[in-house]
Amino acid sequence: MLDASNLEAAWEQADELYQNGNRSEAQEILQQIVDATVEAESHEGIRSKEQAIYRLGEIHCALKQPHQLVQLLRSIRSFFGVLPKAKTTKIVRRLFDNILSAGATPEEQKSICEEMIAWAKEEKRTFLRHRLEHRLAQINFDKGDCLDSLATIAAILKEARRLDDKSLLVDVHLLESRVYYTIKNLSKARAALVAARTNANAIYCPPLAQAEIDMQSGILHAEEKDYKTAFSYLYEAFEGFHQLGDHAKHARRALRYMILEKILCEVPDELKTVLQTKSVLDYRGGDMDALRGVAVAFQEKDTHTFNGLLAKHRADLQDDAVLLSHLEEMKDTLTEKHLLRVIEPYNRVQIAFIANILKPVSYTHLTLPTKRIV
């Protein structure tokens with residue numbers, strides 16, 4: 001068992017082994033560091049143990065070991081007592097992200113979260129409990145249990161307002177805005193976002209939180225069809241996530257929405273400039289290829305090509321409900337314009353004739369009764 005006096009040397013040894021590819025040996029030493037007891041006065045020991053927790057979490061995540069990550073989270077509870085509140089929050093957030101990435105089911109995530117909340121209540125760790133309850137609300141939201149998520153959010157907000165914890169209020173109001181957006185209550189989604197931004201302006205807002213606020217602002221403005229303002233917010237969000245370095249998934253989402261807004265603004269020259277930006281070129285993949293093709297099809301008002309691209313790249317886009325929703329709206333808009341262009345020369349037309357031109361017939365049957373055809 002290591003003691004606090006040689007934790008720094010042990011961390012340097014483990015880090016060297018990890019960098020050289022000796023992951024198993026590094027893992028053993030890291031586990032010894034995590035198991036070591038450190039005092040609040042041992043700043044070097046605290047820093048070494050904190051680094052070891054992050055690295056051990058990365059290894060378990062890479063090896064897809066969610067149960068070991070859960071055990072790691074349980075084993076470091078006593079360590080939270082010597083850490084500042086902000087560092088405690090950061091460690092909990094990172095480990096829960098690792099648990100998710102390692103493949104833990106939503107039920108497993110919820111179970112460990114509820115267990116940690118019960119422990120925090122017993123130990124009277126109010127700050128940590130609030131952060132865990134915020135994570136629980138996020139897990140419920142990801143599962144699709146929006147009502148449970150809102151109930152948890154309401155309870156946190158009541159306590160956070162009483163304690164005037166503006167940092168927590170920013171995160172909770174932002175999550176509240178996302179939940180209301182998902183259930184299509186846009187007025188409450190906007191109100192929650194305004195509350196998040198107001199609290200963020202009263203404190204130092206970390207770059208990650210600011211990028212998340214800008215992302216949600218862009219999404220809501222796009223829902224209101226204010227595409228230029230939406231693009232401005234999304235560009236700020238993309239730059240924020242990109243500069244953080246370890247949030248490529250969020251940066252890619254913001255980039256998708258940026259491209260979509262430029263397509264909807266119908267400014268192909270500006271879109272071309274955006275796509276040639278150095279930071280944008282770092283993000284390649286099927287989703288980017290699909291959106292480039294969508295831009296060309298939308299500009300040329302080519303309904304069949306547009307539909308073909310959606311069918312071909314659906315696997316690359318299906319994990320993004322916001323993007324799919326806007327693409328379906330664009331699909332409807334293109335189909336309506338194509339339909340009006342087809343019937344414009346005629347005084348009377350037969351439905352079968354229109355259906356044959358529009359294809360597929362099943363989609364035509366769905367669209368015709370709801371569109372503006374006289």
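The values are calculated or read from the model by the stated rules, or taken from the named source; none is laboratory data. Keep in mind that what you see is a predicted model, and the values were worked out from it rather than measured. Please note: Cβ atoms are built from the backbone with ideal geometry, for glycine as well, and neighbour counts cover all protein chains shown. Just the protein is used for accessible areas: all its heavy atoms, side chains included, with ligands, DNA and RNA removed. Shrake-Rupley method; radii C 1.70, N 1.55, O 1.52, S 1.80 Å.
How many of the residues making up segment 96-107 are touching a Lys or Arg at 6+ places or on another chain (Cβ under 8 Å) and in a helix (DSSP H, G or I)?
Taking segment 96-107 and keeping what is touching a Lys or Arg at 6+ places or on another chain (Cβ under 8 Å), we get 96, 102-103, 106.
Next, from what is left, pick out any that are in a helix (DSSP H, G or I): 96, 106.
Number satisfying all stated conditions: 2.
Those residues that are among the polar types (S, T, N, Q), open to solvent by less than 20 Å² (accessible area, probe 1.4 Å) and over 18 Å from K337 (Cβ atoms), I need them from segment 280-322; list them, please.
Taking segment 280-322 and keeping what is among the polar types (S, T, N, Q), we get 299, 303, 305, 307, 318.
Okay, now just the ones that are also open to solvent by less than 20 Å² (accessible area, probe 1.4 Å), so 303.
Answer for segment 280-322, where residues must be among the polar types (S, T, N, Q), open to solvent by less than 20 Å² (accessible area, probe 1.4 Å) and over 18 Å from K337 (Cβ atoms): there is none.
Kindly evaluate T333 against the criterion of being open to solvent by 50 Å² or more (accessible area, probe 1.4 Å), part of a helix (DSSP H, G or I) and under 22 Å from T229 (Cβ atoms). Give the steps one after another, and end with the answer.
Details: open to solvent by 50 Å² or more (accessible area, probe 1.4 Å): yes; part of a helix (DSSP H, G or I): yes; under 22 Å from T229 (Cβ atoms): yes.
It is true that T333 is open to solvent by 50 Å² or more (accessible area, probe 1.4 Å), part of a helix (DSSP H, G or I) and under 22 Å from T229 (Cβ atoms).
Here's the yes/no breakdown for (1) open to solvent by 60 Å² or more (accessible area, probe 1.4 Å); (2) assigned to a helix (DSSP H, G or I); (3) of a type outside the set (A, V, I, L, M, F, W, C):
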{"site": "R74", "(1), (2), (3)": "yes, yes, yes"}
{"site": "F79", "(1), (2), (3)": "no, yes, no"}
{"site": "R94", "(1), (2), (3)": "yes, yes, yes"}
{"site": "Q109", "(1), (2), (3)": "no, yes, yes"}
{"site": "C113", "(1), (2), (3)": "no, yes, no"}
{"site": "A120", "(1), (2), (3)": "no, yes, no"}
{"site": "R135", "(1), (2), (3)": "no, yes, yes"}
{"site": "Q138", "(1), (2), (3)": "no, yes, yes"}
{"site": "S149", "(1), (2), (3)": "no, yes, yes"}
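For (1) farther than 26 Å from A36 by Cβ; (2) out of contact with any Pro (no Cβ under 6 Å at 6 or more places or on another chain); (3) in contact (Cβ under 8 Å) with a residue 40 or more places away in the chain, each residue gets a yes or a no:
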site	(1), (2), (3)
H60	no, yes, yes
R77	no, yes, yes
K85	no, yes, yes
I99	no, no, no
T105	yes, yes, no
K110	yes, yes, no
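Does segment 308-356 hold any residues that are of a type in the set (G, A, S) and within 30 Å of R252 (Cβ to Cβ), and which are they?
We begin by selecting, within segment 308-356, every residue of a type in the set (G, A, S); these are 308, 311, 315, 321, 325, 352, 355.
G308, A311, A315, A321, S325 - these are the residues of segment 308-356 that are of a type in the set (G, A, S) and within 30 Å of R252 (Cβ to Cβ).
Return only the number of the condition from (1) at pLDDT below 80; (2) part of a loop (DSSP other than H, G, I, E, B) that D316 does not satisfy.
So D316 meets the others, but not (2).
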